[in-house]
1. For the range B:261-395, give the share of DSSP beta bridges that are antiparallel, in percent and rounded to the nearest 5; count only bridges with both residues there.
2. Of the cross-linked pairs B:K202/B:K244; B:K159/B:K284; A:K176/A:K281; A:K211/B:K195; A:K172/A:K263, which ones have a Cα-Cα span greater than 27 Å in the structure shown?
3. Helix B:66-78 versus the longest principal axis of chain B: what is the Cα-based angle in degrees, 0 to 90, to the nearest 10?
4. Can you pick out the pairs among A:K95/A:K203; A:K200/A:K254; A:K13/A:K226; B:K187/B:K240 whose Cα atoms lie more than 21 Å from each other?
5. Tell me, B:K382, A:K232 in order of fewest to most beta-carbon neighbours within 10 Å?
6. Shielding by partners for A:130-136, please: the mean number of other protein chain Cβ atoms within 10 Å of each residue's Cβ.
7. Return B:H371, A:H126, B:H210, B:H167 ranked ascending by Cβ neighbour count within 10 Å, so the fewest neighbours appear first.
8. Please compute the contact order of chain A in relative form: average sequence separation of alpha-carbon pairs under 8 Å and at least six residues apart, divided by the residue count, as a percent.
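Derivation of every value follows stated rules applied to the coordinates shown; laboratory data play no part. Here the structure is a predicted model, which means the values were calculated and not measured. Every residue, glycine among them, receives a Cβ derived from its backbone with ideal geometry; neighbour counts consider all protein chains shown.
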Amino acid sequence: MATLKELAAQEEKFVGGHTSCAGCGYPNIFRLSLAAIKDPVVVVGATGCCEVNTSIFPYTSWKVPFLHSAFENSAATCSGVEAAYQSLVKSGKAKDENFRFVAFGGDGGTYDIGLQSLSGAMERGHDLLYICYDNGAYMNTGIQRSGATPRYANTTTAPVGKVKPGKLQKKKDLAKIMVGHNVPYVAQTIAGNWKDLTNKVEKAMSIRGPKFIVVLATCPLGWATKTQDTVKLTQMAVDSCFWPLYEVENGKYKLSYDPKDKKIPLAEWLKLQGRFKHLFKPGNENLLAEIQAEVDQDWADLKALCDFHSQKV
Amino acid sequence: MTATTIIKQLTVAKTGNEAMADAMRQVNPDVVAAYPITPATEIAQIFSSFVADGMVTTDMVTVESEHSAMSATIGAAAAGARAMTATASQGLMLMAEMLPIAAALRLPIVMPEVNRAISGPINIHCDHSDTMFCRDAGWLQIFSENAQEAYDNVLQAVKIAEDPRVHLPALVTTDGFIISHGMETIKILPDDEAKSFVGEYKPNYSLLNHEKPITVGSIDLQNYYFEHRIPMIEAMKTAKDIIKQVGREYGEKYGRFYDLIEQYKIDDAEVALICLGSTAGTAKDVVDALRTKGQKVGLIKIRVFRPFPVEDLAAALRNLRAAAVFDRSDSLSGYGGPVFTEVCSALFNSENKPKIVNYIYGLGGRDIDIHTIEAVYDRLNKLKDAQDTGEIVSYLGVRK
Ligand SMILES: Cc1ncc(C[n+]2csc(CCOP(=O)(O)OP(=O)(O)O)c2C)c(N)n1
Ligand code: SF4
Ligand SMILES: [Mg+2]
């Protein structure tokens, strides 16, 4: 796996000048994941902050071929690019240059409106890597709730009101849905851990076929957090076990990191985010306790699964 | 023109769907992405068997929806591939979001499309409401009268769409079941002849160039968007000449000439019917019968609805005294069908123009027969000398 020195020595494939907010998590994901891919690559991006901020005509942050067509279909669009490459190489119309294909989408574009297109592309077995940057809401349109928004977060379409404490439903487990597609590689990581992120992208690219990585990304605007806290906030999501780092190779779950006795209470992470501010008002202790119990249960289940699979191997 | 050089062709029996699938086989696209929908399902199905039998080198992407079919086709075309798909009705409606994107990215995708009524209520039979719903998507729209034309139109559409002066996507339509499932004797070109007619595809750009990376599909705001729409509009206008050129070349080589519109016994006609698709075939029989009775009747078939042949229609209608526009869909505007309103607007600035009435017919596959068309010509014959036009928009064959 590449060292920081090796990564830093690479020519940048995603460059600054884009209009993302300070402290935004996804530019880090694009930059690092492209640094981890050595071969020529085509990137397909979904509508969302990702595309809107990085390709404002006549400028572009993409130093690799980049295609955006719409919101819900970066997986399907990417599958067409990949199919074209295979076909053109087979018929001798294009050189075999070991091109690789990456599709990016936000949580809205992946968990919700793009789930069908993603599912189809994964099932068909295209040689592509789909990376979802998950900032937990439709940020580009102004912080609306998505299937990835955590329970009780404040959003503009599931706002905290006199009788409602924000979004009532639990976040979808997208990695698990992807595991259900029997693809060779699924992983969960964060924008703030360069090593875990680049290792996972590198590993994914060493495999032929469909791969999926979901990356937790900060959105200082939507989370109401400090712009300098991207690394800290995403690491705390891991340390609280809200967002464990793990990978699933050929259906086998494996933890990438176990905080063990460094596991922090969920509240420590929540308290740094304005979107959970209401949970710390007197009378809402039960809500906090409820989501802490949920995280503990999910963590225990994940650990049991990883233990089980490690015994078998 | 020399009469000696028509290239020998094969006579075969094929349905419209088989004819279009066979044209696709000869085109041998690099990528086909498709999803089943009646009455177009067969096109992809037959094509899949060509893939399975190694008769084409196409990479077949069996997508999970028509939205993804068009998205994958766009991705493939942006990677420099010749890419196709086929659909109908609800499938076309689900693609609707992606259609203008294909056009704006100037990707010459060719899509056989079988006209079928749109829901609701759900119906699987022919009308033109699906194609008309997408008429402003920036796609060329070529209508076919029969299976022969469907075949010829697919080959020509590839050449037209891929012409560097056009570079727009193209829909080639047939009428659901009437053409798609009707068996006819048709002529097809030898494979190598079809291949050389459509030629090699030279894409405008390709994503598969890492030395010169390009960004495709940028966000394009107040500063540039408008300027970027203009070349598309210009290409749509230029397409008229290219369609005529390609139709002439096709005729010179293979004996079947094509234009934006077809004028049938119009030269000395006083009244005419204007229609699209398979109804033209039925109407030609009526014209022939009425001509034997000495009536000066004719027919104008609009083969290409996009780009809209404004000049050709205005010229063809100039000497007529009354015309009936047949629409196989209703705009739900409260004022008839889309072909009617566009024909009227084509004539608005002409000095001489006929009286024009509109007939909405055949919705949801309701049959249109010779007697009904005869009755319309009867009315036109009276209308040409009448003071008053009477009912402007009428509905044919509807039970009271
Ligand atoms: C079909 C369609 N519906 C809605 C939109 C409007 N829209 C654009 S971006 C966006 C939100 C994107 O959210 P997400 O995928 O989470 O990305 P983020 O903005 O958070 O980066 C929405 C709803 C659209 N472009 N297309
Ligand atoms: S709104 Fe959020 S996701 Fe969008 S650019 Fe700003 S910080 Fe990033
Ligand atoms: Mg989001």
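1. Details: 4 of 22 bridges.
Here the antiparallel bridges make up roughly 20 percent for the range B:261-395.
2. On the way: B:K202/B:K244 21 Å; B:K159/B:K284 29 Å; A:K176/A:K281 33 Å; A:K211/B:K195 38 Å; A:K172/A:K263 23 Å.
Table pairs above 27 Å Cα-Cα are B:K159/B:K284; A:K176/A:K281; A:K211/B:K195.
3. With both axes taken from Cα atoms, the answer is about 60 degrees.
4. Working: A:K95/A:K203 25 Å; A:K200/A:K254 12 Å; A:K13/A:K226 27 Å; B:K187/B:K240 26 Å.
Table pairs above 21 Å Cα-Cα are A:K95/A:K203; A:K13/A:K226; B:K187/B:K240.
5. On the way: B:K382 12, A:K232 16.
Taking fewest neighbouring Cβ atoms as first place, the list is B:K382, A:K232.
6. Values: counts 0, 0, 0, 0, 0, 0, 0.
Per-residue shielding by partner chains comes out at 0.
7. On the way: B:H371 8, A:H126 26, B:H210 16, B:H167 20.
Exposure proxy ranking, most exposed first: B:H371, B:H210, B:H167, A:H126.
8. Working: 604 pairs, mean separation 51.2, N = 313.
Relative contact order, chain A: 16 percent.
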